[in-house]
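**Q** After the structure tokens below, expect a handful of questions from me.
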Amino acid sequence: MPPFERVAHVHRPGSVFARLLAAFGVFIALIVGAVVLVVNLVQLALNAGRALDKPYLIVGISLLLLVGIVAAATHVGRRNFKTIAAPLAELLSAAEAVTDGDLSVRVPETDSRHFSGVVDTFNTMVASLERSDQQRRNLTADVAHELRTPLQIIQGNLEGVLDGVYEPTAEHIETTLEATHQLARLVEDLRTLSLAESGQLALEFEPVDVGELLLDTQTSFSGLTESVGVTLRIAAPEEPLIIHGDPGRLDQVIANLVVNAVRHTPRGGAVSIEAAPFPDGVEIRVCDTGAGIAPEDLPFIFDRFWRGDRARTHHEGAGSGLGLAITRQLVRLHSGTIDVASIPGAGTTFTVHLPELPAANSVRQFYNEA
């Protein structure tokens, strides 16, 4: 089914041209008819004996004036055709192409004061639709790719057990169970991201001590970082840093950033988390000594399913590719901002700024601004 099926039908450019040409033709025909009528009236006046001293001079001047009027009308008609009819026809042609699903179409820029703004707006709209459509296609392909691996593991293990190839040992059962957990995490991440982007994710705001969040993170990830040989450093503020937010979602923000940092930090490296007061809020920084991010990749790291190294698999430590996308949405829902700075070969730093008190109806506000 072609996209934008509900768009109203657009008349074809050929019919529009025909109508415009007919309108201009009728206009010129009326002027010519008026000239002929005036000449006949002058001749009738002369024949009736009501002519002035120089009747032929009057007739000549009248004809010249009328011819000038016709020439001026023709010039205006041609100019209108160039500045109105042609851009309008191109717009209608492009609109019809969009209706048929061609989102690569663009209307050439025009000098017409009537259509220049309309053309720019139309091209911007179609470019946005094209990006959205491409993101939709990419999302479908990425979801299918992410689902394929755990489904293959589950299917292969179950078929192997049924065919007698595998014994129903605890090892095979645990592998299958881990694959189901992976699927569950992916589905939950997709659900969270979808709700956050649509402004429907329910948040429960309350006073939150950011220092306690950092200490909880240290407790939760000390075992993981120790097992992979990465040092985890926490710089919690001595004085309480209180903000209003959803503690569970803020914990998820920090956890996603720490997981991402540990994943990209080699053995012997370090990940540090620190919080400090910021004007009207707090600043949280998560730094690592990993490989860093290439400058050309920085604009895309918050996109869904983005991973710098596409060759990595889940078994090699790569996640679903939704963690940073979810993190950005959760920070925005708290009326905050998140930035990233990275030096290839030296490490990456994510900086989160959170206000003390999120804007009223921050979920609805974010949805309207998006």
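**Q** Among Leu357, Leu324, which is the only one that is open to solvent by less than 70 Å² (accessible area, probe 1.4 Å) and either at pLDDT 55 or above or touching a Gly at 6+ places or on another chain (Cβ under 6 Å) (or both)?
**A** None of the other options fit; the residue is Leu324.
**Q** Another question about this same structure. For segment 185-206, check the following and say yes or no: at least one residue is in a helix (DSSP H, G or I) and hydroxyl-bearing (Ser, Thr, Tyr).
**A** Within segment 185-206, one or more residues are in a helix (DSSP H, G or I) and hydroxyl-bearing (Ser, Thr, Tyr).
**Q** Let me ask something else about it. Given the conditions (1) over 18 Å from the mean Cα position of the chain (by Cα); (2) open to solvent by less than 90 Å² (accessible area, probe 1.4 Å), which single one is not true for Asn123?
**A** (1)
**Q** Within segment 283-295, identify whether any single residue is assigned to a helix (DSSP H, G or I) and within 24 Å of Glu146 (Cα to Cα), and answer yes or no. Steps first, please.
**A** Within segment 283-295, the subset assigned to a helix (DSSP H, G or I) is 295.
Now drop any that are not within 24 Å of Glu146 (Cα to Cα), which leaves none.
No; the residues of segment 283-295 include none that is assigned to a helix (DSSP H, G or I) and within 24 Å of Glu146 (Cα to Cα).
**Q** Just to be sure before I move on: is Glu130 in contact (Cβ under 8 Å) with a residue 40 or more places away in the chain, of a type outside the set (Val, Ile, Thr) and within 26 Å of Trp306 (Cα to Cα) in the structure I sent?
**A** Judged against the criteria, Glu130 is not a match.
**Q** Mind checking whether some residue in segment 249-269 is modelled with pLDDT under 95, open to solvent by 20 Å² or more (accessible area, probe 1.4 Å), part of a strand (DSSP E or B) and under 27 Å from Pro355 (Cβ atoms)?
**A** no
**Q** Ok, one more. Take the residues in segment 200-222 that are surrounded by fewer than 13 Cβ atoms within 10 Å (Cβ to Cβ) and of a type in the set (D, E, K, R); name whichever of them is farthest from Leu357 (Cα to Cα).
**A** By that ranking, first place goes to Glu204.
**Q** Hey, could you check segment 330-345 for residues that are within 19 Å of the chain's Cα centre (by Cα) and closer than 14 Å to Phe300 by Cα and say which is most open to solvent (accessible area, probe 1.4 Å)?
**A** Only one residue tops the list, namely Asp339.
**Q** Sticking with this structure for a sec: Taking only segment 230-247 into account, find how many residues are surrounded by fewer than 22 Cβ atoms within 10 Å (Cβ to Cβ), in contact with a Leu (Cβ under 9 Å, 6 or more places away or on another chain) and not aliphatic (A, V, I, L, M).
**A** Qualifying residue count for the region: 4.
**Q** Go over the candidates Glu197, Glu174, Glu167, Glu159 one by one and state the one that is of a type in the set (D, E, K, R) and surrounded by 14 or more Cβ atoms within 10 Å (Cβ to Cβ).
**A** When all the criteria are applied, what remains is Glu197.
The values are calculated or read from the model by the stated rules, or taken from the named source; none is laboratory data. Since we're looking at a predicted model, the values are computed, not measured. Cβ: placed from backbone, ideal geometry, glycine included. Neighbour counts: every protein chain shown. Calculation scope for accessible area: heavy atoms of the full protein, side chains included, ligands and nucleic acids excluded. Shrake-Rupley method; radii C 1.70, N 1.55, O 1.52, S 1.80 Å.
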